[in-house]
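Beneath this line is the structure, given in structure tokens, with notes to follow.
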Amino acid sequence: MPNEERMTIDERYKYLRIKQKQYVRASRKERGQMLDEMEQVTRLERKTLIRHMKGKIERKPRRKQRGNGYGSAVDDALRVIAESHDYICAERLTPNLVSMAQQLAEHKELEASPSLLKQLGRISVSTVRRRLQGFAYLDQWHLPRRKGPQPPNPVTRDIPMKRIPWDEQEPGHFEVDLVHHSGPSSTGDYVHTVQMTDVATGWCEQAAVLGRSQRAIEDAFRRILARLPFPVREIHPDNGSEFFNYHLVRFWKEAAQGIQLSRSRPFHKNDNRFVEQKNFTLVRAYLGHERLDTVAQTLALNELYDKMWLYYNFFQPVLRLEEKTVLTTPNGDQRFRRTYGPAQTPFQRLCATNALSQEQRQKLEKLRDQTNPRRLRQEIYSLLDHLFSLPGAKPGQIENVLDTLIMSRPTQKGAGSPVTLSFDRTIAVQ
């Protein structure tokens, strides 16, 4: 009998209780036939079935309960570590328990004794999952349905349609998307989040812009390029005109030599599956669907993203697909079996490549080591409270988009010229 057709213990006892009523009224020959059938169905020994038929069929309570292998110290440590990781799943949390406990101990957030570290090193994913069930998790948001594709854009005619391979090993191939913060109404100008996700390492960059003008989007890209510690090799957004217009195509050709521009296929949302996933975990999960439409809110959101850049890329372990196998079911259908590697932070994955120089790596490692992740998370939620406390735009109120730009500033006479700035303010996070 296949494994999937075996009875559970409760089902077996229920079946035997039904058969017992027939067994006591049956003849000797009929009892032998019933025992043959029950042997086949339950896979129990014949003597065991006879003993059941003569007695009371019920499960006996366990005489001795299994003891708790982990004490309150592990619970307290898990609670602090889970909070510092923003309550990620047990599969991502478990491989990083020891390293995060050591780092938090350096910042006096918990006491990491050798026995505690030993227990955190051998605790299983299922045990961590059970113990996290009582912790507070964030409410889940649901993404709205996206609008249909826009009319054909002549700029995209020469841009190839493709999908970045899931097993891309070279850092620098970025999926790009735009998240709208319009609230229930899409009228007027409002804030957008430009998000870039590296396929190979999971490294994410975000920048907030007010409106979708070419100047605002270019400013967001300049802000990201000034902060990014490794070169961009490919930009892969959807087919939106905010990304594919003559100005931005010219900008990317001037920004980096040999950069590749590609785009996803219309009506194929899964072509940008990595950045689409991060649109929820790094944007919607924090901001929801509130409307943001002022200069003050844009500046506050960029300040928040500076903190989240450090928090996510250096302290949030993520899973990455390592193997995808096609399996054929007995009825001829095909399905995928996916194998994931151990959870690592994007910075750890980046260090495993040759994308960083020794000087860059030492600088970023120093930044990570001097940062208290628990305090950083608290600062993120404090900035969220501040952001949501800011009033929205009032009817007739004029917002100057130029006040949100930092990578290029207009002169006093209004003739603007781009000025590239050093983006060291994120590196200065304490």
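The values are calculated or read from the model by the stated rules, or taken from the named source; none is laboratory data. Just so it is clear, the model here is predicted, and its values are computed rather than measured. Every residue, glycine as well, gets a Cβ built from its backbone with ideal geometry; the counts of neighbours run over all protein chains shown.
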For this session: Name the one entry in Leu110, Leu49 that is under 28 Å from Gln378 (Cβ atoms), surrounded by 15 or more Cβ atoms within 10 Å (Cβ to Cβ) and modelled with pLDDT of 90 or more.
Result: Leu110
For this session: Kindly check whether there is at least one residue in the range 332-348 that is closer than 27 Å to Thr404 by Cβ, of a type in the set (Phe, Trp, Tyr) and not in a helix (DSSP H, G or I).
Result: no
For this session: State yes or no: is Ala285 surrounded by fewer than 20 Cβ atoms within 10 Å (Cβ to Cβ), in the same structural domain as Ile217 (by TED's automatic domain parsing) and either over 24 Å from Leu405 (Cα atoms) or under 14 Å from the mean Cα position of the chain (by Cα) (or both)?
Result: yes
For this session: Return the only residue of Leu16, Leu97, Leu49, Leu110 being touching a His at 6+ places or on another chain (Cβ under 7 Å) and not assigned by TED's automatic domain parsing to the domain that holds Tyr311.
Result: Leu16
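Among strands (runs of 3 or more DSSP E) lying entirely in the range 159-240, which contain 2 or more residues that are of a type in the set (Val, Ile, Thr), at pLDDT 90 or above and in the same structural domain as Glu254 (by TED's automatic domain parsing)?
173-181, 191-198
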Exercise. Within the range 222-242, is even one residue among the aromatic types (Phe, Trp, Tyr) and surrounded by fewer than 16 Cβ atoms within 10 Å (Cβ to Cβ)?
Worked result: no
Exercise. Any idea which residue in the range 142-158 is modelled with the lowest pLDDT, counting only those that are in contact with a Phe, Trp or Tyr (Cβ under 7 Å, 6 or more places away or on another chain) and of a type in the set (S, T, N, Q)?
Worked result: Asn153
Exercise. How many of the residues making up the range 242-286 are modelled with pLDDT under 85 and not in a helix (DSSP H, G or I)?
Worked result: 6
Exercise. Is there a residue in the range 350-360 that is closer than 23 Å to Ala208 by Cα, in the same structural domain as Thr201 (by TED's automatic domain parsing) and touching a helix residue (DSSP H, G or I) at 6+ places or on another chain (Cβ under 8 Å)?
Worked result: no
Exercise. Being touching a residue at least 12 places away in the same chain (Cβ under 8 Å), closer than 18 Å to Pro342 by Cβ and among the hydroxyl-bearing types (Ser, Thr, Tyr), is that true of even one residue in the range 69-77?
Worked result: no
